[in-house]
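Heads up: the structure comes next, in structure tokens.
The values are calculated or read from the model by the stated rules, or taken from the named source; none is laboratory data. Since the structure is predicted, the reported quantities are computational estimates derived from the model, not experimental observations. Using ideal geometry, Cβ is built from the backbone for each residue, glycine included, and neighbour counts are taken over all protein chains shown.
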Amino acid sequence: MKFINKYLVLLVAIVAFSCEQDEILAPTNYVTFQDTARSVDLDVDASVTDSFNVFTGGKTGSDRTFDLVVDESSTIPAGNLTAPSQVVIPANENQATIEYTVNYSDAIDITGGSVVFRLVGSTDNILGTSTLNVTVGITCDLPVSIEINFDDYAGETSWEIVDGNGTVFYSGDDYAGGTFTRDVCLPMGTYDFIIYDAFGDGICCSYGNGSYSVSYDGQVLGSGGDFGASETTTIVIE
């Protein structure tokens, strides 16, 4: 019985040692993300920079380069992302830290989105964890809600939200009809929501009973439809 117990202890030690050495014993062309998922918070009208690690199976005397792409399943637009297209593992190292930046713009939905990074497999490398999903959350406690019910000529309607300097934060046009709704987030300050009608007869009531409303913090700040070429609603974010 004592002999069996000693054998079992020896077997467990061998297995444990083998597990600890897996990364070292992996081929030098083995490449993997350290994590499968990350998350970042992005403030409105700002940028956020984050980083992740990529590991290889061992070290070599020269730099090693692996292709890195943003997968098509990402919901954050490529134009809002700054990231390298390759991972370079320096000579005599088995890891690299990659930085990327997400920039806020009107193209990102208020609910946030995701960026999916993917290591590219080839005949020259072996992939471990090949994808990294980054969840991007938008920091917005009280969104501004916009609703537009179009008249019979939706294509004539457009809108924008601008600050006191005339900087456009959000805008929309080229609509086909029906109802448009969107929640947007704004930094503290004063803004104008301006709705336009290209024909100059508003969106009510000669050619359909169109209307619009702008709400913030549970209050309707502006609404209507019977206007000329445009109508302005002031929005104060405190």
Selection from region 94-108 of residues modelled with pLDDT of 95 or more and either of a type outside the set (Asp, Glu) or outside any strand (DSSP E or B) (or both) yields ASN94, GLN95, ALA96, THR97, ILE98, TYR100, THR101, VAL102, ASN103
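From TYR216, TYR170, TYR191, which residue is under 13 Å from ASP106 (Cα atoms), among the hydroxyl-bearing types (Ser, Thr, Tyr) and under 28 Å from the mean Cα position of the chain (by Cα)?
Details: TYR216 fails: under 13 Å from ASP106 (Cα atoms); TYR191 fails: under 13 Å from ASP106 (Cα atoms).
Being under 13 Å from ASP106 (Cα atoms), among the hydroxyl-bearing types (Ser, Thr, Tyr) and under 28 Å from the mean Cα position of the chain (by Cα) holds for just one of TYR216, TYR170, TYR191, which is TYR170.
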Checked ASP35, ASP63, ASP45, ASP71 against criteria (on the phi > 0 side of the Ramachandran plot and either in the same structural domain as VAL115 (by TED's automatic domain parsing) or at pLDDT 95 or above (or both)); the one match is ASP45
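Quick one: which residue in SER114, SER73 is of a type in the set (S, T, N, Q) and not in a loop (DSSP other than H, G, I, E, B)? Quick ask: steps written out before the conclusion?
Working: SER73 fails: not in a loop (DSSP other than H, G, I, E, B).
Sole residue among the options that is of a type in the set (S, T, N, Q) and not in a loop (DSSP other than H, G, I, E, B): SER114.
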Filtering region 171-188 down to residues that are surrounded by 12 or more Cβ atoms within 10 Å (Cβ to Cβ) and either in a loop (DSSP other than H, G, I, E, B) or of a type in the set (A, V, I, L, M) (or both) yields ASP173, TYR175, GLY177, VAL184, CYS185, LEU186, PRO187
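In region 193-219, how many residues are assigned to a strand (DSSP E or B), over 25 Å from GLY166 (Cβ atoms) and in contact with a strand residue (DSSP E or B) (Cβ under 6 Å, 6 or more places away or on another chain)? Show your work before the answer.
Step one: list which residues in region 193-219 are assigned to a strand (DSSP E or B), which gives 193-197, 211-216, 219.
Adding the requirement that they be over 25 Å from GLY166 (Cβ atoms) leaves 211, 219.
Still in the list and also in contact with a strand residue (DSSP E or B) (Cβ under 6 Å, 6 or more places away or on another chain): 211.
Residues in region 193-219 being assigned to a strand (DSSP E or B), over 25 Å from GLY166 (Cβ atoms) and in contact with a strand residue (DSSP E or B) (Cβ under 6 Å, 6 or more places away or on another chain): 1 in total.
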